[in-house]
1. Give all pairs with beta carbons closer than 9 Å in which a residue from the stretch 102-117 that is farther than 20 Å from ALA8 by Cα meets a residue that is basic (Lys, Arg); count only pairs at least 6 apart in sequence or on separate chains.
2. Since HIS77 meets every condition but one in (1) outside any helix (DSSP H, G or I); (2) closer than 24 Å to MET141 by Cα; (3) without any contact (Cβ under 8 Å) to a residue 12 or more places away in the chain, which condition does it not meet?
3. Checking PHE92 against (1) part of a helix (DSSP H, G or I); (2) open to solvent by less than 70 Å² (accessible area, probe 1.4 Å); (3) out of contact with any helix residue (DSSP H, G or I) (no Cβ under 8 Å at 6 or more places or on another chain); (4) of a type outside the set (Ser, Thr, Tyr): exactly one of these is not met. Which one?
4. Is it true that MET53 is among the aliphatic types (A, V, I, L, M), at pLDDT below 95 and open to solvent by less than 50 Å² (accessible area, probe 1.4 Å)?
5. Would it be correct to say that GLY87 is small (Gly, Ala, Ser), open to solvent by less than 20 Å² (accessible area, probe 1.4 Å) and either part of a helix (DSSP H, G or I) or within 17 Å of THR136 (Cβ to Cβ) (or both)?
6. Taking GLU109 as the residue in question, decide whether it is within 27 Å of PHE61 (Cβ to Cβ) and modelled with pLDDT under 95.
7. Tell me, yes or no, whether the stretch 122-132 has at least one residue that is open to solvent by 70 Å² or more (accessible area, probe 1.4 Å) and either in a helix (DSSP H, G or I) or out of contact with any Lys or Arg (no Cβ under 9 Å at 6 or more places or on another chain) (or both).
8. Sort out which residues of the stretch 1-44 are charged (D, E, K, R), at pLDDT 95 or above, out of contact with any strand residue (DSSP E or B) (no Cβ under 8 Å at 6 or more places or on another chain) and open to solvent by 70 Å² or more (accessible area, probe 1.4 Å), and write them in order of number.
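The values are calculated or read from the model by the stated rules, or taken from the named source; none is laboratory data. On a predicted model such as this, the values are computed, not experimentally measured, just so you know. Quick reminder, even Gly has a Cβ in these numbers, built from the backbone with ideal geometry, and neighbours come from all protein chains shown. Calculation scope for accessible area: heavy atoms of the full protein, side chains included, ligands and nucleic acids excluded. Shrake-Rupley method; radii C 1.70, N 1.55, O 1.52, S 1.80 Å.
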Amino acid sequence: MFIYYGLAAVVIMLDQVTKWLVVKNMELGERISIADPNLGLLSHRNRGAAWGMLEGQMWLFYIVTIVVIGGIIYYFHKEAKGQPLFGFSLMFLLGGAIGNFIDRVWRKEVVDFVDVRIPIINYDFPIFNVADAALTVGVIMIIIHIILDEKKNKKKV
């Protein structure tokens with residue numbers, strides 16, 4: 001069990017350290033190119049949810065995040081036993097949720113900094129951070145878990 005919560009702690013620490021580095025070393029709006037023009041670091045702040053939705057509704061984010069964190073911990077202890085993929089996916093979700101929650105409580109905004117452009121379709125992807133990436137990885141892992149679990153249950157029938 002400690003390995004699982006350790007993963008969430010690593011996600012939170014990596015998220016907070018990278019955000020701290022961006023805040024301390026970059027001006028708001030500053031961009032540092034990594035692989036120009038498709039990848040860079042762009043100091044950005046988000047006072048809403050994904051893509052800036054519900055901007056300024058911090059009270060809603062506090063309530064929703066606390067409920068989500070409680071749900072993740074509940075499902076981890078009740079449903080993830082003996083299912084490592086599900087357990088790890090929940091810990092990615094937990095780390096991501098707590099990482100952005102810390103920003104909302106402490107800074108009243110979320111620090112975003114990963115700037116990606118997808119050249120094939122010329123799409124400027126929304127700026128994100130480590131917590132957002134962990135949430136995405138967690139969701140993808142849950143989808144994989146569900147697909148594998150469905151296949152396993154069909155074989156039993």
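1. Final answer for the pair search is ARG107/LYS19; ARG107/ARG45; LYS108/ARG47; GLU109/ARG45; GLU109/ARG47; PHE113/LYS19; ASP115/ARG31.
2. (1)
3. (3)
4. Working: among the aliphatic types (A, V, I, L, M): yes; at pLDDT below 95: yes; open to solvent by less than 50 Å² (accessible area, probe 1.4 Å): no.
Judged against the criteria, MET53 is not a match.
5. Values: small (Gly, Ala, Ser): yes; open to solvent by less than 20 Å² (accessible area, probe 1.4 Å): yes; either part of a helix (DSSP H, G or I) or within 17 Å of THR136 (Cβ to Cβ) (or both): yes.
The answer is yes for GLY87.
6. yes
7. yes
8. LYS24, the sole residue that qualifies.
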